[in-house]
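The values are calculated or read from the model by the stated rules, or taken from the named source; none is laboratory data. The structure displayed is predicted, hence computed values, not measured ones. Backbone-built Cβ (ideal geometry, glycine too); neighbour counts: all protein chains shown. Ligands, DNA and RNA are excluded from the accessible area calculation, which covers all protein heavy atoms including side chains. Shrake-Rupley method; radii C 1.70, N 1.55, O 1.52, S 1.80 Å.
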Amino acid sequence: MNSLIEINDLDLFYGDFHALKHVNLEIPEKAITAFIGPSGCGKSTLLRTFNRMNDMIAGTRIEGKVEIAGTDIYSKEVDVETLRKRVGMVFQQPNPFPKSIYDNVAYGPRLHGISDRKKLDEIVETSLRSAALWNEVKDHLKRSAYSISGGQQQRLCIARALAVEPDILLMDEATSALDPISTLKIEELAQELKDRYTIVMVTHNMHQAARVSQQTVFFLNGEVVEYSETEQLFSNPTDQRTEDYISGRFG
Amino acid sequence: MSAKTADKIATAVIVGVAAFIVLVLAGLLGFILYRGVGHISFHFLTSAPETIRKGGGIGPQLFNSVFLLVLTMIITIPIGLGAGIYMSEYAPANKITSGIRLIVEVLSSVPSIVVGLFGLLVIVNLFGFGFSLFSGALALTVFNLPLMVRITEQGLKGVPREQKEASLALGLSKWKTITSVMLPIAMPVILTGTILAAGRVFGEAAALLFTAGMSSPRLDFTNWNPLSPFSPLNPFRPAETLAVHIWKINSEGLAPDAAQIAAGASAVLVITVLVFNFAARWLGRYMYRKFTAIK
Ligand SMILES: Nc1ncnc2c1ncn2[C@@H]1O[C@H](COP(=O)(O)OP(=O)(O)OP(=O)(O)O)[C@@H](O)[C@H]1O
Ligand SMILES: [Mg+2]
């Protein structure tokens with residue numbers, strides 16, 4: 001598998017706090033990579049370097065390199081907005097805008113300059129279909145995004161992210177606020193999407209990581225302890241700490 | 001004394017104090033309305049005042065008050081929104097920013113008579129705008145602006161972080177995120193605050209005595225050329241507002257029905273300000289429901 005994201009000797013500091021330590025990692029293209037590890041070990045922090053959401057936090061400092069498709073995304077020439085268009089993100093809590101279902105999905109494309117009604121309709125439909133939500137909402141696109149269930153809202157957020165045509169989709173515990181059935185739906189959706197998108201998901205649920213991902217990365221205290229193919233990591237971990245964690249001895 | 005008794009006593013005291021305040025306010029409002037409402041009529045609201053004869057109205061004053069309010073808001077809203085957005089989203093978190101914030105706080109608590117005198121010295125005399133609606137609007141802006149800035153800042157700070165991040169994560173610029181996600185979400189708060197601020201402007205007298213002036217030219221309500229000195233729309237003419245008018249006839253009114261006119265005008269003022277307040281609440285609630293609609 002080709003790797004799309006390459007991380008070389010990455011260190012990240014929140015002020016004095018050393019949150020990521022010498023991270024080296026490759027993330028394969030068109031596959032699902034899962035980040036696992038105990039709370040506070042830096043999973044979200046690493047995820048948020050991929051679309052530079054950490055830039056907003058004052059006092060954050062980065063050393064090392066994060067390359068996406070060969071481009072160092074922290075170099076001066078990179079435009080953050082263009083980067084974020086390519087790297088979509090889905091958050092822990094479903095966070096649709098207080099707008100209609102249609103407007104939520106159309107929001108990104110519209111503000112990126114598409115005003116043709118037909119084209120927008122098309123984008124909305126394709127995105128909602130990709131997010132496996134179209135059939136449930138196609139008859140009431142004008143309704144408030146808050147009128148649908150939490151699981152549907154999360155899929156709406158996925159559709160919203162897909163509407164700007166990213167290559168990469170970051171999901172930070174995107175199912176942790178959902179019921180088991182909605183969770184399963186999102187997992188199935190991720191499986192379908194991985195043929196077209198590179199997906200990185202943070203999860204606290206090891207079964208989820210084992211079920212859906214092709215590669216798994218185990219973090220501890222800001223360090224990558226081990227990463228390999230998911231089956232390999234769960235059946236035959238090389239590091240003792242990984243084994244302790246996946247067998248539930250801590251974390 | 002047990003915690004329970006202490007709690008009961010404290011509750012009783014608080015309820016008592018609250019009831020007392022409500023009674024005083026209700027009494028005050030009731031008194032003003034009771035004395036004045038009988039005098040309000042269409043004629044009273046639309047005709048010009050009389051100096052020494054009976055039967056004068058408050059038409060021009062009412063118009064002046066409304067016009068001054070509009071002028072003030074035209075100046076305050078864009079500047080206040082801009083400054084509020086800057087303070088909430090762009091200003092770095094340092095000493096200078098907190099200094100500005102402190103000055104804004106202080107500015108909003110300067111007594112209005114002081115603002116009036118400042119207006120007289122600087123706007124009316126130094127800049128030579130004379131006694132005019134425009135001078136009045138600038139003076140009112142001085143203490144309306146801090147309010148507007150604070151309201152905007154609070155409104156934006158109240159927008160959930162997730163909403164803001166969702167928009168940024170789609171690759172939208174900060175500015176687009178502010179205008180198309182954050183401001184709409186903050187709008188109920190900002191709008192409510194703006195209307196409350198407007199109510200305050202409407203009732204203001206002290207700051208206007210020496211800026212907008214205590215007299216109006218003979219207005220010709222058929223002349224809508226804003227450059228003519230007798231046109232009601234001319235922003236550079238002196239203008240006595242309703243609140244100033246009440247103060248004036250109370251202290252030096254010569255008409256035999258001066259007391260009734262003052263009472264009627266006060267009632268009009270109070271009713272208008274009440275309407276502003278209720279409109280603000282209603283609109284705020286309506287917009288909140290619209291934005292979070294479960295339908
Ligand atoms: N804005 C911040 N300022 C300072 N420290 C932070 C900030 N955000 C996170 N941290 C610290 O960085 C470390 C890693 O945080 P991060 O959110 O990446 O953990 P996580 O692995 O995602 O945890 P969880 O599973 O609980 O979401 C934690 O110790 C956290 O306290
Ligand atoms: Mg996290």
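Annotations
- Selection from region A:91-100 of residues that are more than 7 Å from chain B (Cβ to nearest Cβ) and within 13 Å of ligand 2 (Cβ to nearest atom): A:GLN92
- From A:ASP16, A:ASP9, residue being farther than 21 Å from A:SER176 by Cα, away from ligand 1 (no atom under 14 Å from the Cβ) and open to solvent by 70 Å² or more (accessible area, probe 1.4 Å): A:ASP9
Each row is one residue, and each column tells you yes or no for (1) touching a Ser or Thr at 6+ places or on another chain (Cβ under 6 Å); (2) more than 16 Å from ligand 2 (Cβ to nearest atom); (3) more than 9 Å from chain B (Cβ to nearest Cβ).
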position: A:ARG48; (1), (2), (3): no, no, yes
position: A:GLU77; (1), (2), (3): no, yes, yes
position: A:TYR107; (1), (2), (3): no, yes, no
position: A:GLY113; (1), (2), (3): no, yes, yes
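- B:PHE278 being away from chain A (no Cβ under 14 Å) and surrounded by 19 or more Cβ atoms within 10 Å (Cβ to Cβ): no
- Exclusive hit being within 16 Å of ligand 2 (Cβ to nearest atom) and either within 30 Å of B:TYR288 (Cα to Cα) or acidic (Asp, Glu) (or both), set A:ILE36, A:ILE57: A:ILE57
- Out of B:PHE44, B:PHE67, sole residue that is under 30 Å from B:VAL142 (Cβ atoms), touching a helix residue (DSSP H, G or I) at 6+ places or on another chain (Cβ under 9 Å) and surrounded by 15 or more Cβ atoms within 10 Å (Cβ to Cβ): B:PHE67
- Being open to solvent by less than 10 Å² (accessible area, probe 1.4 Å), away from ligand 1 (no atom under 11 Å from the Cβ) and more than 12 Å from the chain's Cα centre (by Cα) is a condition met by at least one residue of region A:73-87.
- Residue that is farthest from ligand 1 (Cβ to nearest atom), among those in region A:22-69 that are open to solvent by less than 60 Å² (accessible area, probe 1.4 Å) and over 30 Å from A:GLU187 (Cβ atoms): A:GLY64
- Condition check for A:ILE27 on (1) out of contact with any Ser or Thr (no Cβ under 6 Å at 6 or more places or on another chain); (2) more than 15 Å from ligand 2 (Cβ to nearest atom): one failure, at (1).
- When B:SER251, B:SER266 are checked against the criterion of being under 20 Å from B:GLY116 (Cα atoms), part of a helix (DSSP H, G or I) and of a type in the set (Ser, Thr, Tyr), B:SER251 stands alone in meeting it.
- Residue in region B:206-224 that is modelled with the highest pLDDT, counting only those that are part of a loop (DSSP other than H, G, I, E, B) and open to solvent by less than 30 Å² (accessible area, probe 1.4 Å): B:THR211
- Residue in region A:165-175 that is within 14 Å of chain B (Cβ to nearest Cβ), within 16 Å of ligand 1 (Cβ to nearest atom) and among the β-branched types (Val, Ile, Thr) present: no
- Qualifying residue in region A:57-70 (condition: of a type outside the set (Val, Ile, Thr) and in contact with a Lys or Arg (Cβ under 8 Å, 6 or more places away or on another chain)): no
- Of all residues in region A:155-177, those satisfying the criterion of being buried (at least 19 other Cβ atoms within 10 Å of the Cβ) and within 16 Å of ligand 2 (Cβ to nearest atom) are A:LEU170, A:MET171, A:ASP172, A:GLU173, A:ALA174, A:THR175.
Conditions tested, residue by residue: (1) surrounded by 15 or more Cβ atoms within 10 Å (Cβ to Cβ); (2) without any contact (Cβ under 8 Å) to a residue 60 or more places away in the chain.
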{"residue": "B:ALA93", "(1), (2)": "no, yes"}
{"residue": "B:ARG101", "(1), (2)": "yes, yes"}
{"residue": "B:SER108", "(1), (2)": "yes, yes"}
{"residue": "B:PHE134", "(1), (2)": "yes, no"}
{"residue": "B:ALA137", "(1), (2)": "yes, no"}
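- Taking (1) part of a strand (DSSP E or B); (2) more than 16 Å from ligand 2 (Cβ to nearest atom) in turn, A:LEU12 satisfies each apart from (2).
- Yes/no for A:VAL217 being within 16 Å of ligand 2 (Cβ to nearest atom) and away from every other protein chain (no Cβ under 14 Å): yes
- Enumeration of residues in region A:179-212 that are open to solvent by less than 10 Å² (accessible area, probe 1.4 Å), among the hydroxyl-bearing types (Ser, Thr, Tyr) and away from ligand 1 (no atom under 16 Å from the Cβ): A:THR198
- Checked against (1) surrounded by fewer than 19 Cβ atoms within 10 Å (Cβ to Cβ); (2) part of a helix (DSSP H, G or I), B:GLY55 passes all but condition (2).
- Residues in region A:71-107 that are in a loop (DSSP other than H, G, I, E, B) and either in contact (Cβ under 8 Å) with a residue 40 or more places away in the chain or closer than 28 Å to A:THR175 by Cβ (or both): 10 in all.
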